[in-house]
Amino acid sequence: MNAARPAPFLQACHRFATAFTPVWLMRQAGRYMPEYRAMRARHGFLELCKNPEAAAEVTLQPVDRLGVDAAILFADILLVLEPLGVGLEFTRGEGPHIAHPVRNAEDVARLHPMAVDESLPFVFETVRVVRKALADRVPLIGFAGAPFTLASYLIEGGPSREFLRTKRFMRDEPATWHALMSRLGDITTAYVNGQIAAGVQAVQLFDSWVGTLSPADYRDHVLPHSRAVFQRLVPDVPVIHFGTGTAGLLPLMKAAGGDVIGLDWRVEIGSAWECLGPEVAVQGNLDPAVLLASLGEIRRGAKELLDAVGGRPGHIFNLGHGVHQETPVDHVVALVDMVHELSSR
Ligand code: CP3
């Protein structure tokens, strides 16, 4: 790959015509892979993220095993929260936990100052190690959490279904909310730009839980902060903007920014793309649960999705969310092969 002929993945992000549909999978590394479980038997999750050689190895595992067209940096959107002094932990089986959640203005004032270069140098080092090991075989995608999704973890203290504390905070303490979102936006901007400086060739901004909001709440409480991130990112690096449950938010997410909009499986890709308009590329959107079914069903699902796209340039094949832990690796390998075969016809 060189500057004159970018990899198909990067071409697709910019809607240049490509001969095939690039595919990478969201959360493509993880506990469904025996190689990953073997690494986790020896290292805690945060310890793995902080060890550039080990994190680079995990980044490369899906590239070697699955044949995907891009590598995704092994890290986590929540790493930026740890230096704020909130007590981030990943408890086995239960996901992330924040020991000191942010519930009021005093909690926000208590957040430690942080500079990403000093607090998260291991992430940037992992990028350099991975780029060297990849030797331009496939591009490397970096990522970060968007301000809303980060704020939701800080305020709820962990995963949530209804985001009631977050929504109350947003309404009852608007000045503190905007101050917190603006701080998180600054951190995300510096974190993503640091990854770009270290060598990532595309980035994805995860606003995973933003679909819990009404369009009006997104517009007033979230959009300005996400937009401020997009506007300050290093130009000419493709940016993917992803959320789940976003059918009612798509035009607003597009207005916030991103060259590519990532869709989950709850929308029909053709009509979602029509709603977004032809200027943006689209990523998605197979239901990750399809990978638990038989190979025949997986092929049917992949074909149906590719038929709905109909060969339009600027489609990146992906799951609508992360790979479930129960997924057989062989099914994932087969899906990647099927997408390449079906889209090259
Ligand atoms: O190849 C890859 O995609 C791996 C890199 C990656 C991870 N997290 C590693 C991880 C990426 C892109 C993420 C993003 C992330 N993290 C998001 C946005 C994407 C999405 O799924 O919506 C979010 C919301 C998080 C926060 C997070 N981290 C949760 C909710 C969990 C627990 C859920 C789970 O799958 O266990 C994590 C932990 C986590 N991050 C794991 C991995 C591989 C599993 C940790 C383990 O080994 O125990």
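The values are calculated or read from the model by the stated rules, or taken from the named source; none is laboratory data. Keep in mind the model is a prediction, meaning the values are calculated, not measured. Every residue, glycine as well, gets a Cβ built from its backbone with ideal geometry; the counts of neighbours run over all protein chains shown. Quick note on the areas: whole protein, heavy atoms, side chains included, nothing else; ligands and nucleic acids left out. Shrake-Rupley method; radii C 1.70, N 1.55, O 1.52, S 1.80 Å.
Things worth noting here:
- Number of residues in region 19-53 that are open to solvent by 30 Å² or more (accessible area, probe 1.4 Å), farther than 30 Å from SER343 by Cα, part of a helix (DSSP H, G or I) and free of Cβ contacts under 8 Å to residues at least 40 places away in the same chain equals 6.
- Taken over region 323-345, the criterion of being open to solvent by 30 Å² or more (accessible area, probe 1.4 Å) and not in a helix (DSSP H, G or I) is satisfied by HIS324, GLN325, GLU326, PRO328, SER344, ARG345.
- If you go through region 133-190 and pick out every residue that is β-branched (Val, Ile, Thr) and under 18 Å from the mean Cα position of the chain (by Cα), you end up with 6.
- The residues of region 107-158 that are part of a loop (DSSP other than H, G, I, E, B) and within 11 Å of the ligand (Cβ to nearest atom), listed by number, are ALA146, GLY158.
- Test: residue in region 302-311 that is touching a residue at least 60 places away in the same chain (Cβ under 8 Å) and either at positive phi or not hydroxyl-bearing (Ser, Thr, Tyr) (or both): yes
- The residue that is most open to solvent (accessible area, probe 1.4 Å), among those in region 159-181 that are in a loop (DSSP other than H, G, I, E, B) and under 21 Å from GLY245 (Cβ atoms), is ARG161.
- Just one of the listed residues (ALA272, ALA289) is open to solvent by less than 40 Å² (accessible area, probe 1.4 Å), outside any loop (DSSP other than H, G, I, E, B) and not aromatic (Phe, Trp, Tyr), and it is ALA272.
- Candidate set from region 55-93 (those that are surrounded by fewer than 18 Cβ atoms within 10 Å (Cβ to Cβ) and small (Gly, Ala, Ser)); member that is nearest to the ligand (Cβ to nearest atom): GLY93
- Residue match in region 312-321 (condition: open to solvent by 50 Å² or more (accessible area, probe 1.4 Å) and more than 14 Å from the ligand (Cβ to nearest atom)): yes
- Scanning region 183-211 for residues that are touching a His at 6+ places or on another chain (Cβ under 6 Å) and assigned to a helix (DSSP H, G or I) turns up just one, GLY185.
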